[in-house]
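A quick write-up on the structure given underneath.
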Amino acid sequence: MRAAFRSLKMRAPDCELMLFRDGFRGLARRLDSASDRSVDRKDVRDIIHRGGTFLGTGRVPELYMPPADAPDLAERLAAREAFLRVAAVNLFQTRVESLIVIGGDGSFRGARAIAAAYRETFPGRPFRVIGLPGTIDNDLHGTEFSIGYDTALNNVVDAIRKLRDTIESHRRAIILEVMGNTSGWLALTSAIAGGAAAVAIPEVEETWDQDELIRRLIAGVRRDYRYFIIVVAEGVLKRAGADWSQRLARRIETAAPIQEILGHAMEARINSVGHVARGGSPSALDNTLAGLLGAAAADVAQLGRLAHGEPIAGDVMVGTRGTRVIVTPLDEVIEHSPRLVERESDLFQLSNKLMLSAGQAF
């Protein structure tokens with residue numbers, strides 16, 4: 001928000017930036033209580049070090065298309081239509097021409113529905129959606145990194161490093177549950193950076209095979225590993241059962257080969273880094289990324305293109321490829337998201353080289 005404001009004002013001081021509070025909810029409420037007009041420097045000053053957003057956010061059930069067999073289908077469709085109509089009218093009345101949306105796949109789907117309602121209600125009026133990728137899952141097509149991911153990654157790695165002191169002293173195993181509903185990027189990269197013995201991600205089923213994990217831990221005990229850190233993405237718990245961590249902990253504590261080698265059972269504990277990973281001051285990389293993409297969104301809004309690029313039509317998302325800003329049609333982003341971890345990816349292959357294996361000879 002800070003970067004978009006500064007970029008807009010630097011190019012055109014009379015350009016107006018408007019903020020809607022509580023996400024899409026602010027688009028469908030009374031504008032005098034849900035929006036901030038005539039935003040000036042004081043409104044975006046001293047926010048660069050703050051986590052989250054002072055605007056607020058939240059899911060909007062009315063924006064989800066109900067299933068065809070829903071018992072209250074007619075009622076839900078009517079509520080959705082009413083929500084979209086009010087949002088479109090509010091955007092028209094405030095003369096918004098570009099709606100910048102920070103979020104993930106769900107936010108972009110909602111923005112697309114609002115844009116369609118606006119164009120149907122007010123044909124011919126200029127309007128576009130510009131998406132900024134903001135999700136700690138880092139699973140959006142059209143960008144290598146999303147805002148918030150690096151901060152969450154550093155928070156999880158910090159938790160791993162703090163846990164290591166206790167578990168090494170007590171010779172324990174820790175199963176650390178981290179966020180990541182359908183994609184395992186956060187779990188995978190935090191496990192690599194934190195030096196975990198194993199990682200379980202939803203995309204690769206063999207990573208959460210408990211028989212294989214026990215074999216790997218037995219091999220580690222034979223090589224005098226004092227402790228084990230196993231990072232698991234929440235998507236695994238949804239696919240393999242909510243009690244997956246509890247079952248693995250029991251198997252570790254009752255594994256006969258481990259008891260024979262150690263002379264006693266190895267204690268296993270379960271920890272979770274949930275919403276804590278999403279909080280705190282943003283990392284330097286996230287600050288830089290947010291600035292880069294916020295300024296790029298301002299360019300698209302004002303110029304219809306990036307500062308040094310060709311004209312861009314339609315709804316888009318700005319993202320990164322290496323150190324370059326790229327633009328991807330919003331429909332393409334939605335169609336190809338979530339971007340999942342593949343077995344062939346360099347990071348997953350790296351995890352196989354760095355983490356404990358059952359056949360490890362050293």
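Given 25 °C and 0.890 mPa s, how large is the Stokes-Einstein diffusion coefficient of the stretch 300-356 in µm²/s, with Rh as the Kirkwood radius over Cα pairs? Numbers along the way, then the final one.
On the way: Rh = 14.0 Å.
Once the numbers are plugged in, D ends up at 176 µm²/s.
Quote the accessible area belonging to Met179 in square angstrom, nearest 10, computed with a 1.4 Å probe and with ligands, DNA and RNA left uncounted.
Rounded to the nearest 10, the figure is 30 Å².
Between helix 244-254 and the chain, what is the angle of the helix's C-alpha long axis to the longest principal axis, kept within 0 to 90° and rounded to the nearest 10?
Compared with the principal axis, the helix lies near 10 degrees.
Considering only Ala268, Asn352, Ala12, whose Cα is most displaced toward the positive end of the charge dipole of the chain, charges sitting on Cβ of Lys, Arg (+1) and Asp, Glu (-1)?
Ala12
For the stretch 201-207, just list the computed ³J(HN,Hα) in residue order, Karplus coefficients 6.51, -1.76 and 1.60, θ = phi - 60°, integers in Hz, with x standing in for Gly and Pro.
10, x, 6, 10, 4, 5, 5
His336 accessible area, nearest 10 Å², 1.4 Å probe?
Roll a 1.4 Å probe over it and His336 shows about 100 Å².
Could you tell me what percent of the accessible area of the chain is made up of carbon and sulfur, with a 1.4 Å probe and every protein chain present?
Details: 9140 of 18130 Å².
Answer for the chain is 50 percent, counting heavy atoms of protein chains only.
With springs connecting C-alpha atoms under 10 Å apart, model the chain as a Gaussian network and identify which of Phe20, Phe108, Phe145 has the largest mean-square fluctuation.
Phe20
Compute the Cα gyration tensor for the stretch 1-144, then decide on rounded, prolate or oblate, letting a ≥ b ≥ c be the square roots of its eigenvalues: rounded whenever a/c is under 1.5, prolate when a/b is larger than b/c in the other cases, and oblate in all that remain. Walk me through the numbers before you get to the answer.
Values: a/c = 1.87, a/b = 1.43, b/c = 1.31.
Prolate is the answer for the stretch 1-144, as a/c is 1.5 or above and a/b outweighs b/c.
Ratio of Rg to Rh for the stretch 123-244, alpha carbon only, Kirkwood?
Working: Rg = 17.7 Å, Rh = 15.8 Å.
The Rg/Rh ratio comes out at 1.12.
Rounded to the nearest whole Å³, what is the per residue volume of the convex hull around the Cα atoms of the stretch 70-166? All intermediate terms of the calculation are to be shown ahead of the outcome.
On the way: hull volume 14.9 nm³, N = 97.
Residue-normalised Cα hull volume stands at 154 Å³.
Show the residues, 5+ positions off or on another chain, whose built amide H is closer than 5 Å to the amide H of Val232.
So Val232 has HN proximity to Leu176, Glu177, Val178, Ala200.
So what's the angle, to the nearest 10 degrees on a 0 to 90 scale, between helix 149-170 and the longest Cα principal axis of the chain?
Orientation of helix 149-170: about 20 degrees from the principal axis.
Could you tell me the accessible area of Arg324 in Å² (1.4 Å probe, neighbours in place), rounded to the nearest ten?
140 Å²
Rounded to two decimals, what is the ratio between the C-alpha radius of gyration of the stretch 223-350 and 2.2 N^0.38 Å? Walk me through the numbers on the way to the answer.
Numbers: Rg = 22.8 Å, N = 128, 2.2 N^0.38 = 13.9 Å.
Ratio of Rg to 2.2 N^0.38 Å for the stretch 223-350: 1.64.
Connecting C-alpha atoms closer than 10 Å in a GNM of the chain, tell me which of Val316, Val157, Val39 has the biggest fluctuation.
Of the options given, Val39 has the highest mean-square fluctuation.
For the stretch 230-243, what does the Karplus curve 6.51 cos²θ - 1.76 cosθ + 1.60, with θ = phi - 60°, yield as ³J(HN,Hα) per residue in whole Hz, taken in order and with x for Gly and Pro?
For the stretch 230-243, the Karplus curve yields 10, 9, 10, 7, 4, x, 5, 5, 7, 8, 9, x, 5, 9 Hz.
How far is helix 2-11 tilted off the main Cα axis of the chain, in degrees rounded to 10, range 0 to 90?
With both axes taken from Cα atoms, the answer is about 30 degrees.
Taking H placed 1.01 Å from N in the peptide plane, check which residues at least 5 places from Val129 or on another chain put their amide H under 5 Å from its amide H.
Leu99, Asp315, Val316
Considering every pair of different Cα atoms, what Kirkwood radius, in Å, is found for the chain? Present the calculation step by step, with values, prior to reporting the outcome.
Details: mean 1/r = 0.0443 Å⁻¹.
Value: 22.6 Å, from the Cα pair sum.
Students often forget the sequence filter, so: which lysines lie under 27 Å Cα-Cα from Lys42 once same-chain residues fewer than 8 apart are removed?
Hits, sequence-local ones excluded: Lys9.
What net charge is computed for the residues neighbouring Gly58, neighbours being all others with C-beta under 11 Å from the C-beta of Gly58, Lys and Arg scored +1, Asp and Glu -1?
Working: positive: Arg21, Arg25, Arg59; negative: Asp22.
The answer is +2.
Can you give the local net charge around Leu163? Use residues other than it whose beta-carbon is closer than 11 angstrom to its beta-carbon, Lys and Arg +1, Asp and Glu -1. Mind showing how you got there, number by number?
Details: positive: Arg161, Lys162, Arg164, Arg172, Arg269; negative: Asp158, Asp165, Glu168.
Residues near Leu163 contribute +2 overall.
Specify the inter-centroid distance of the stretch 118-138 and the stretch 183-243, based on alpha-carbon positions, in whole Å.
Between the Cα centres of the stretch 118-138 and the stretch 183-243 lies a distance of 39 Å.
When every alpha-carbon pair in the stretch 201-264 is counted, what percent end up more than 15 Å apart?
It works out to 52 percent of all Cα pairs.
Averaged per residue, what accessible area in Å² does the stretch 207-362 show with a 1.4 Å probe, protein chains only? Working shown, then result.
Numbers: 8180 Å² over 156 residues.
Accessible surface, normalised per residue, equals 52 Å².
The values are calculated or read from the model by the stated rules, or taken from the named source; none is laboratory data. Please read these numbers as outputs of a predicted model, since none were measured by experiment. All Cβ positions, even for glycine, are placed from backbone atoms using ideal geometry, and neighbour counts span all protein chains on display. Protein only, heavy atoms only, side chains kept; ligands, DNA and RNA dropped before computing areas. Shrake-Rupley method; radii C 1.70, N 1.55, O 1.52, S 1.80 Å.
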